[in-house]
Amino acid sequence: MHIDTSLPGAFTTADLCAVAWLFLAWLGIGWVTEHPPKGRPSVSVLMNEYRREWMRHFVARDPRIFDGNILTTLREGTAFFASACLIAVGGGLALIGKTDQLAGVARQFDLGHVPALKWEIKIVVVLFFVANALLRFVWSHRLFGYCAIMMASVPNSAGDPRALPAALQAAEINITAARSFNSGLRCVYFALGALGWLAGPLGLFLATSYVLFISWRREFASNSRRVILHGAPGVARVPPGEPQRQHPGD
């Protein structure tokens, strides 16, 4: 006797390929951003040098209120995104219990009948990225707090032999916090891309490709990067007067 073990409305090969592309793009752009080619550093890597240079100037700056204000601003940014992600997770969990409404919307767009389980899985994929972003933002916020404490422990005298090493230690914690924050932002971007799956595998593929292109361009081909590269510590400057291509939206 043959028993049919297939699930009604099971995901197609196109669905699986689109999901694989989503995760491959997410992991790939994250790796390339943090480990770019030597001849083409990403914005994230360039900003690491600025953070180290910030701590070198921090040692000799008096008073240091300016540095404290900058760090407070960084922590406020991570707190804002963490709060937004927490709300999004709650909204997504609430939406899972109301997949019938999504099915009604799908029928209006002639997407056919889609089982509730399928909608729930699609929402869970989005929630995976949002929850991942939440964890990374929370950790980034905590690391910026560690950085503040380490900065406060730097001796006030620039001539103290302990000052510069302590400041550079704070810089590395600052860089780690920024790396976690950037990773959280990428998760938010790809959570938006994952929403394309609600329109089918083609929608997911196109949305993921667009998010991947935007993420790559902002790290490697934006006018903002050219400006940052121009004055990056330890990086050869762009010759004065060299024309800069303008890109709207950077």
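The values are calculated or read from the model by the stated rules, or taken from the named source; none is laboratory data. Remember, it's a predicted structure, so these values are computed and weren't measured experimentally. When we count neighbours, we look across all protein chains shown, and the Cβ atoms used for this are built from the backbone with ideal geometry, even at glycine.
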Checklist entry - What number goes with the only condition from (1) surrounded by 14 or more Cβ atoms within 10 Å (Cβ to Cβ); (2) at pLDDT below 95 that residue 173 does not pass? => result (2)
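For the subset of segment 152-169 comprising residues that are surrounded by 14 or more Cβ atoms within 10 Å (Cβ to Cβ) and either modelled with pLDDT under 90 or within 29 Å of the chain's Cα centre (by Cα) (or both), which member is farthest from residue 74 (Cα to Cα)?
158
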Next on the checklist: Quick test for you: out of 232, 191, pick the one residue that is in a loop (DSSP other than H, G, I, E, B), farther than 16 Å from residue 17 by Cα and in contact with a Leu (Cβ under 9 Å, 6 or more places away or on another chain).
Outcome noted: 232
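For segment 33-46, name all the residues that are surrounded by fewer than 16 Cβ atoms within 10 Å (Cβ to Cβ) and either assigned to a helix (DSSP H, G or I) or touching a His at 6+ places or on another chain (Cβ under 7 Å) (or both). Before you say what the answer is, go through the steps one by one.
Residues of segment 33-46 surrounded by fewer than 16 Cβ atoms within 10 Å (Cβ to Cβ): 34-35, 37-40.
Within segment 33-46, just 34 meets the criteria.
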Next on the checklist: Looking at 127, 102, 74, 135, can you tell me which residue is modelled with pLDDT under 80 and either surrounded by 15 or more Cβ atoms within 10 Å (Cβ to Cβ) or at positive phi (or both)?
Outcome noted: 102
Checklist entry - Can you spot a residue in segment 190-208 that is surrounded by fewer than 21 Cβ atoms within 10 Å (Cβ to Cβ), under 15 Å from the mean Cα position of the chain (by Cα) and within 30 Å of residue 121 (Cβ to Cβ)? => result yes
Item to check | All positions within segment 140-151 that are surrounded by 18 or more Cβ atoms within 10 Å (Cβ to Cβ) and closer than 13 Å to residue 181 by Cα | outcome: 140, 141, 143, 144
